[in-house]
Amino acid sequence: VKLACDMVKEGLIDEKEALKRIPANDLTQLLLPSFIPAAKKTGEVLTRGLPASPGAAVGKLAFTAAEAVQRTADGEDVLLVRKETSPEDVDGMHSAVGILTSTGGMTSHAAVVARGWGRCCVAGANEIQIDEKGRKITVKGKTFKADDTLSIDGSTGEVMVGSIATQEPKLSGDFSKVMKWADEYRTLNIRTNADTPEDAARARKFGAEGIGLCRTEHMFFEGDRILAIRALILAERVEDRRTALAKLLPFQREDFVGIFKAMKGLPVTVRLLDPPLHEFLPQDAKAQKEMAEVLGVKPAFVKARVAQLHESNPMLGHRGCRLSVTYPEILEMQVTAIVEAAIECTKKRIDAKPEIMIPLIGTAAELRILRELAEETIAKVKADKKFTGELDILIGTMIEIPRAALTADEVAKHAQFFSFGTNDLTQMTFGYSRDDVNTFLPDYLRQEILETDPFQSLDTTGVGQLVEMGVKKGRMTSKKLKIGICGEHGGDPRSVVFCHKVGMNYVSCSPYRVPIARLAAAQAQLDFPA
C-alpha cells in the first residue's frame with residue numbers, strides 16, 4: 001500500500017495502476033493482528049486446518065462456551081475448542097480470542113460467525129481429537145490440556161504449540177488514500193453481513209454502504225430470548241406459539257431500531273428466520289432437563305419434541321421459507337418488528353430502509369404466498385400504529401436453491417430484489433455438505449480435482465452458470481431488479497470480479513472484508529469496464 005502511494009506521488013504510475021498492483025486479499029494484514037514473522041519461524045506447527053477467519057490468536061484451551069465466558073471474565077485469554085460450534089456457543093465464541101474446530105468448512109457456523117466479528121478461527125483441523133469431559137485434546141499422540149497454550153493462524157490454518165508473539169495492525173493515511181481511489185472507480189456497491197448494531201457500526205467505519213444480510217436467528221440466543229424461542233418450538237397450539245412470539249417481538253424491534261440507527265439511511269436486508277428449529281433446542285439429557293424445569297414442563301416432553309424435530313438432513317429440511325409456510329405467525333412477528341422499528345425511527349427522523357428477504361425459495365408460489373402475507377402484515381401494523389407516512393420497504397428473496405435460479409423469471413414476478421446465497425447454492429450444486437467437506441477437500445485440492453475451495457472462492461464454471469442465469473432471467477422479468485450476493489464469496493476478490501461481470505448491483509461480505517471488496521470491485525471495473 002505504501003509502495004503504491006509513494007509511486008503515485010512520485011509520478012511513476014497513476015492511481016489506476018496503483019490499484020491494480022495491490023493484492024486485494026492482502027489488505028487483511030492491515031486490519032487484523034498477525035504473528036511476528038521471526039517469532040513464527042521458530043514455532044512448532046502441530047497441525048493444520050482451514051483458514052476460516054484471518055488473524056492471529058494465542059490462548060489456553062476452553063472446551064465449552066460457558067467455560068470460555070467464565071475464564072475470559074477471570075482475565076484469561078482462551079481459545080474455544082469444539083468439534084463444531086452451534087448458535088448456543090455464541091457467547092463463548094464472542095469471549096474467546098480465537099476459535100478452533102475439528103470439523104466444518106469455510107462456511108460452517110464457526111467460520112461465518114468468526115469472520116463477521118473479525119475473530120481468528122481455524123476450522124476443520126481433523127487431526128485433533130477432542131475430549132470435552134476430560135478437558136483435553138490429542139493430536140498425533142500429543143496431549144494438551146486446559147492450561148496448555150496454543151497459537152492459531154486464521155490466515156494459513158496453522159495450529160502451533162505454545163505462545164507465538166503477535167503484532168497489532170497499524171492503519172496509515174495511505175490505506176485511506178487507496179480506499180478513496182477504489183471508491184472513485186468501482187461501480188459495485190459494497191454492503192456487509194451484520195447482525196447487531198455493533199457489527200453495523202464497525203462495517204460503516206470500513207466503508208460499507210448498507211447491510212446485505214442481517215441474520216435474525218443470531219438475535220435469539222441471549223437471556224430471555226432463548227427461553228421464548230424454545231417455548232415457541234415446544235408449543236403445540238397456535239395460541240401458545242403467538243404467546244411466545246409476543247415475548248420475542250420487543251427484543252426483535254429493539255435490535256432493528258439499533259441497526260437502522262447505526263446504518264443511518266443505508267439499506268438493511270433482513271433475512272427472516274432460516275435455520276431448522278432443532279438448532280435452538282439442547283440435545284443432551286442434562287440440558288434438556290434444565291430447560292424443562294425453566295419452562296415448567298416434563299423432561300420427557302422436551303425429549304420427545306427434540307426427537308420429533310430430528311431430521312436426517314436438516315439443511316435440506318424444515319427451514320427457511322418452509323418454516324413460514326407451516327408457522328406463518330413467525331413471519332408475522334418478524335415483519336411486525338421490522339415495521340414497528342422503521343416507524344419508531346421515522347418518528348425520530350432517522351431514515352430507516354429495511355428490505356425483507358424471504359430465504360430458501362424454490363418455487364415462485366412460495367414467494368407469492370409469503371410476500372402477500374408480509375404485505376398484509378405491513379399494512380396491519382401501519383393501521384394499528386395509525387402511521388400515515390411512507391415506508392419504503394422492499395420484499396425480495398435469497399436465491400440459494402438451483403431451481404430458484406433456473407426459474408428466476410417466474411420468481412422475479414414476486415420479488416423486488418434477488419440476493420444470491422452462494423454458500424447454500426454451492427452446497428446444493430456440488431452435492432457437498434459444507435460442514436463436512438474438509439474430510440475430502442484437502443485430497444481434492446492436492447490432486448487438483450478442484451482448483452480452489454468452492455466455499456471460499458465461487459465456482460464460476462458450474463455454480464456461476466446458475467448465478468448468471470438467475471441474473472439474466474430475473475432481469476428479463478424486471479429490468480430494474482436489484483441483485484446482489486450475500487454469501488461469504490462477497491469478500492473474495494475473484495468472486496467479486498465475477499459479480500461485477502454478470503451485472504450485479506452489490507456484493508455483501510463480513511465487516512472486516514469490506515475494504516477487500518472495495519478494492520476488488522475497483523480492480524474489476526478497471527479490468528472489465530461496465
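The values are calculated or read from the model by the stated rules, or taken from the named source; none is laboratory data. As the structure is a computational prediction, the values presented were derived from the model and not from experiment. When we count neighbours, we look across all protein chains shown, and the Cβ atoms used for this are built from the backbone with ideal geometry, even at glycine. Surface accessibility is based on the protein's heavy atoms, side chains included, excluding ligands, DNA and RNA. Shrake-Rupley method; radii C 1.70, N 1.55, O 1.52, S 1.80 Å.
Please pick out the residue among ALA52, ALA68, ALA57 that is of a type in the set (A, V, I, L, M), assigned to a helix (DSSP H, G or I) and within 16 Å of LEU150 (Cβ to Cβ). Show your work before the answer.
Working: ALA52 fails: assigned to a helix (DSSP H, G or I); ALA57 fails: assigned to a helix (DSSP H, G or I).
Just one listed residue meets the conditions, ALA68.
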Out of curiosity, is ASP91 open to solvent by 60 Å² or more (accessible area, probe 1.4 Å), assigned to a helix (DSSP H, G or I) and within 16 Å of GLY154 (Cβ to Cβ)? no
ALA52 meets each of (1) surrounded by 17 or more Cβ atoms within 10 Å (Cβ to Cβ); (2) at pLDDT 95 or above with one exception, condition (2)
Residues that are open to solvent by less than 60 Å² (accessible area, probe 1.4 Å), at least 2 per element: which strands (runs of 3 or more DSSP E) completely within the range 140-227 meet that? 149-153, 158-161, 189-193, 211-215
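When you go through PHE387, PHE301 one by one, which is the residue that is of a type in the set (Phe, Trp, Tyr), open to solvent by 60 Å² or more (accessible area, probe 1.4 Å), over 30 Å from TYR432 (Cα atoms) and out of contact with any strand residue (DSSP E or B) (no Cβ under 8 Å at 6 or more places or on another chain)?
On the way: PHE387 fails: open to solvent by 60 Å² or more (accessible area, probe 1.4 Å).
None of the others qualify; the one that does is PHE301.
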Residue hits (the range 279-295; open to solvent by 50 Å² or more (accessible area, probe 1.4 Å), within 30 Å of the chain's Cα centre (by Cα) and touching a residue at least 24 places away in the same chain (Cβ under 8 Å)) are GLU279
Residues located in the range 296-322, provided they are without any contact (Cβ under 8 Å) to a residue 24 or more places away in the chain and of a type in the set (D, E, K, R): LYS298, LYS303
Residues of the range 465-493 that turn out to be within 19 Å of the chain's Cα centre (by Cα), within 18 Å of MET428 (Cβ to Cβ) and either open to solvent by 20 Å² or more (accessible area, probe 1.4 Å) or among the charged types (D, E, K, R) (or both), as a count: 1
Cβ pairs under 7 Å, 6+ apart or interchain, first in the range 186-211 and over 13 Å from ARG518 (Cβ atoms) and in contact (Cβ under 8 Å) with a residue 40 or more places away in the chain, second open to solvent by less than 20 Å² (accessible area, probe 1.4 Å) and in a loop (DSSP other than H, G, I, E, B), ordered by first then second residue, are ASN193/CYS486; ASN193/SER510; ALA200/ALA194; ILE211/ALA194
Which pairs do you get when a residue that is under 13 Å from GLU329 (Cβ atoms) and free of Cβ contacts under 8 Å to residues at least 12 places away in the same chain, found in the range 224-240, comes within reach of a residue that is open to solvent by 60 Å² or more (accessible area, probe 1.4 Å) and assigned to a helix (DSSP H, G or I), reach meaning Cβ atoms under 9 angstrom, with the pair 6+ apart or on two chains? ALA235/ARG242; ALA235/THR243
Can you tell me which residue is surrounded by the most Cβ atoms within 10 Å (Cβ to Cβ) among those in the range 94-116 that are in a loop (DSSP other than H, G, I, E, B), in contact (Cβ under 8 Å) with a residue 60 or more places away in the chain and small (Gly, Ala, Ser)? GLY104
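Take the residues of the range 265-278 that are over 14 Å from LEU232 (Cα atoms) and of a type outside the set (A, V, I, L, M): which is surrounded by the fewest Cβ atoms within 10 Å (Cβ to Cβ)? Step through it out loud before you land on a result.
First pass over the range 265-278, keeping only residues over 14 Å from LEU232 (Cα atoms): 265-272, 274-275.
Now narrow it down to the ones that are of a type outside the set (A, V, I, L, M): 265, 267, 269, 271, 274-275.
On the way: GLY265: 11, PRO267: 21, THR269: 26, ARG271: 26, ASP274: 21, PRO275: 20.
Looking at residues that are over 14 Å from LEU232 (Cα atoms) and of a type outside the set (A, V, I, L, M), I get GLY265.
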Turns out the helices (runs of 4 or more DSSP H) fully within the range 238-333 with at least 3 residues that are of a type in the set (A, V, I, L, M) are 238-263, 285-295, 299-309
Give the range 360-386 a look and list any residue that's out of contact with any helix residue (DSSP H, G or I) (no Cβ under 6 Å at 6 or more places or on another chain) and more than 16 Å from VAL339 (Cα to Cα), or say none. THR363, ALA365, ILE369
Given the conditions (1) under 30 Å from THR429 (Cβ atoms); (2) surrounded by fewer than 19 Cβ atoms within 10 Å (Cβ to Cβ); (3) touching a residue at least 12 places away in the same chain (Cβ under 8 Å), and given that ALA365 satisfies all but one, which numbered condition is not satisfied? (3)
All positions within the range 38-49 that are surrounded by fewer than 21 Cβ atoms within 10 Å (Cβ to Cβ) and either touching a Cys at 6+ places or on another chain (Cβ under 9 Å) or outside any strand (DSSP E or B) (or both): ALA38, ALA39, LYS40, LYS41, THR42, GLY43, GLU44
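Out of all the residues in the range 342-359, which are part of a helix (DSSP H, G or I) and not small (Gly, Ala, Ser)? Please lay out each step first, then the result.
Step one: filter the range 342-359 for residues part of a helix (DSSP H, G or I), giving 342-347.
Hits for the range 342-359 are ILE343, GLU344, CYS345, THR346, LYS347.
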Which one of these does ILE130 not meet: (1) open to solvent by 10 Å² or more (accessible area, probe 1.4 Å); (2) in a loop (DSSP other than H, G, I, E, B); (3) within 23 Å of PHE440 (Cβ to Cβ)? (2)
Taking the range 505-530 and keeping residues within 18 Å of PRO267 (Cβ to Cβ) and crowded, with 24+ Cβ neighbours inside 10 Å leaves TYR506, VAL507, SER508, CYS509, SER510, PRO511, VAL514, ALA517, ARG518, ALA521
Expected single match for more than 20 Å from the chain's Cα centre (by Cα) and hydrophobic (A, V, I, L, M, F, W, C) among ILE233, ILE259 is ILE233
Restricting attention to the range 117-127, and to residues there that are over 19 Å from ASP77 (Cβ atoms) and open to solvent by 10 Å² or more (accessible area, probe 1.4 Å), which single residue is farthest from the chain's Cα centre (by Cα)? GLU127
